[in-house]
Each structure stands twice: as C-alpha cells, then as structure tokens.
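Student: Below is one structure. I have some questions about it.
The values are calculated or read from the model by the stated rules, or taken from the named source; none is laboratory data. Because the structure is a prediction, the values reported are computed rather than measured. All Cβ positions, even for glycine, are placed from backbone atoms using ideal geometry, and neighbour counts span all protein chains on display. Side chains included, ligands, DNA and RNA excluded: accessible areas come from the protein's heavy atoms. Shrake-Rupley method; radii C 1.70, N 1.55, O 1.52, S 1.80 Å.
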Amino acid sequence: MKLSAGGVVIVFFVSLFAFVKLVGPIPFSMQSITTQKTDFFTVTGVGKTTVTPDVAVINVGVTSQGTTVKIAQKELNTKMDAITKSIKQLGVDAKDIKTSNYSINPRYDYQSSTQRIIGFDANSSLTIKVRDMDKANDVVDASTASGANQVGGISFEVDDRMKAENEARTLAVDNAKYKAELAAKTTGFTLGKIVNYSEGTDNAIRPMMAVKTMALGEKDQDVASTVEPGSTEITLQVTLSYQLQ
C-alpha cells in the first residue's frame with residue numbers, strides 16, 4: 001500500500017511518539033567555542049638627532065627706585081623704552097619683544113618703631129626672541145647699555161622642531177623594527193601586523209654647551225657678552241606591539 005505525503009508525516013510522528021514513550025527523550029547538545037588570539041610581542045626603539053638651536057630667548061629687566069610711584073614709574077618706563085628701541089634697531093621684530101613682568105611695590109623702613117613707606121620699587125622685564133643667532137650677543141649688550149640691570153634666563157630653541165622630531169621618530173621606529181625582527185629570527189616566532197604604537201619625547205632643549213658672560217655695572221660696560229648655544233639632542237622613544245602568528 002502506497003502512502004501519501006500526509007500519511008508519511010503522520011506515521012513519522014506516531015513512530016517518534018512511541019519511541020519517546022519506550023526509550024525516553026532524544027538527547028540534544030550544542031557547544032559554543034570562541035577563540036581569540038591574544039599573543040603579542042612588544043618592543044621599544046629609541047631615536048636621537050642632534051641639532052643646533054637657531055632661536056635664542058633672552059630675558060632682560062630693569063629695577064628702578066623713587067620716593068613716589070610716579071618717579072619710580074617714570075624712570076622705569078624711560079629705561080624700558082630705551083632698551084626696546086635699541087633692540088629694534090638690531091632688527092628684532094616688535095612681535096618678538098614681549099613684556100613678561102611689570103610691578104610697582106612700596107619699600108618700607110623696618111628699622112624705625114613705626115613701619116612707614118620710604119619709597120617705591122618698580123620692576124619690568126622683557127622676553128626677547130632673537131631669530132638671528134648672530135645677534136644674540138648684541139641684544140644683551142644693547143640692553144645693558146640702555147639701562148637693563150637684570151639679564152638672565154637665556155634659553156635656546158629650534159624653530160623647526162617638528163622636522164628634528166620626525167627624523168628622531170624615523171630612527172626610533174627603524175630601531176624598534178630591527179629589534180623585533182632580530183628577536184623573531186633568534187627565537188623562531190613569526191611577527192604579524194603591528195597592532196599598537198605609542199611614543200614619548202623629551203621636549204626640553206638642553207644645550208650641550210652654553211657659555212654666558214654678561215657684563216652688568218658701570219666698570220664692565222666695555223666687556224662684550226658671549227652666548228654660545230652649542231648643540232642639543234632630541235630623543236624620541238617609540239613602542240611597537242606586534243601580533244604573533
């Protein structure tokens with residue numbers, strides 16, 4: 001006897017019902033396995049480049065005294081104007097001359113029984129950025145000749161620091177890759193793609209040699225200043241993380 005399609009389905013479910021009744025439920029199981037590759041190799045490389053600073057930053061100032069605020073201020077302004085004029089005459093742009101401090105404070109007599117004001121101290125400072133390094137000494141000399149009685153905090157900068165850092169970065173990456181490839185060859189593992197990159201740099205400009213002789217005072221006005229920037233080293237460190245195959 002030939003069964004129809006509907007009959008076949010009915011016979012299947014009847015047989016399944018009888019089997020479950022006699023034997024028990026059919027066991028079904030499902031297992032999920034998740035794999036994740038977490039083996040990495042991390043290496044650090046260092047790149048260094050030596051440059052000669054091409055910008056000098058010079059701080060000069062004036063301290064003046066007077067029995068009144070007006071007198072102290074007038075003397076201070078006169079000297080600061082003279083200093084600024086002499087610096088501009090050397091070719092320093094006005095945008096590179098900035099007032100970094102200006103203050104007027106009372107001066108007291110502490111020896112008497114009653115504290116009283118006996119005068120005023122006026123102070124002002126200029127921060128001068130000299131882009132022509134050959135004129136750095138001239139700026140110091142012109143400032144002192146025009147009345148500056150405070151000179152200090154001379155520092156040096158690299159105008160195009162990004163270029164020097166990029167050179168150090170290239171050297172650091174090459175150094176890290178060389179170390180990674182050598183380690184892989186020596187130990188027998190295989191490097192995959194780079195999955196992480198980080199870097200750090202020393203932002204300070206520290207001249208290897210800086211000789212500064214600045215003359216202050218009436219008797220030393222004939223002594224020329226000597227400012228030598230020397231050279232500075234920019235160091236950049238990178239860290240590369242490779243995925244291992």
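Student: Cβ-Cβ distance below 9 Å, separation of 6 or more or different chains: which pairs start in region 76-96 with a residue that is farther than 11 Å from A148 by Cα and without any contact (Cβ under 8 Å) to a residue 40 or more places away in the chain and end on one that is of a type in the set (D, E, K, R) and not in a helix (DSSP H, G or I)?
Tutor: From region 76-96, the pairs are D93/K129; D93/R131; K95/K129; D96/K129; D96/R131.
Student: Could you list all residues from region 76-105 that are modelled with pLDDT of 95 or more and touching a Gly at 6+ places or on another chain (Cβ under 9 Å)?
Tutor: Matches in region 76-105: L76, T78, K79, M80, A82, I83.
Student: Report, by residue number, each residue of region 61-108 that is basic (K, R) and open to solvent by 70 Å² or more (accessible area, probe 1.4 Å).
Tutor: K70, K74, K85, K88, K95, K98
Student: Shifting gears a bit: Out of the residues in region 143-201 that are touching a residue at least 60 places away in the same chain (Cβ under 8 Å), touching a Ser or Thr at 6+ places or on another chain (Cβ under 8 Å) and acidic (D, E), which is surrounded by the fewest Cβ atoms within 10 Å (Cβ to Cβ)?
Tutor: Only one residue tops the list, namely E167.
Student: Can you confirm whether region 122-132 contains a residue that is over 30 Å from Q237 (Cβ atoms), more than 29 Å from the chain's Cα centre (by Cα) and at pLDDT below 95?
Tutor: So far as region 122-132 goes, no, none of its residues is over 30 Å from Q237 (Cβ atoms), more than 29 Å from the chain's Cα centre (by Cα) and at pLDDT below 95.
Student: Got a sec? Which of A56, A18 is under 30 Å from R131 (Cβ atoms) and modelled with pLDDT under 95?
Tutor: Matching residue, one of A56, A18: A56.
Student: I want to confirm something. Restricting to region 34-84 and keeping residues that are more than 27 Å from S155 (Cβ to Cβ) and part of a strand (DSSP E or B), which single residue is farthest from the chain's Cα centre (by Cα)?
Tutor: By that ranking, first place goes to G66.
Student: Would you please list the contacts, defined by Cβ atoms under 8 Å and residues six or more apart or on different chains, that run from a residue in region 100-117 that is assigned to a strand (DSSP E or B) to a residue that is of a type in the set (F, W, Y)?
Tutor: Note: pairs meeting the criteria are I104/F120; N105/F120; P106/F120; R107/F120; R116/Y108; I117/Y108.
Student: State all residues of region 118-136 that are surrounded by 20 or more Cβ atoms within 10 Å (Cβ to Cβ) and either assigned to a helix (DSSP H, G or I) or free of Cβ contacts under 8 Å to residues at least 12 places away in the same chain (or both); if no residue qualifies, say none.
Tutor: A136
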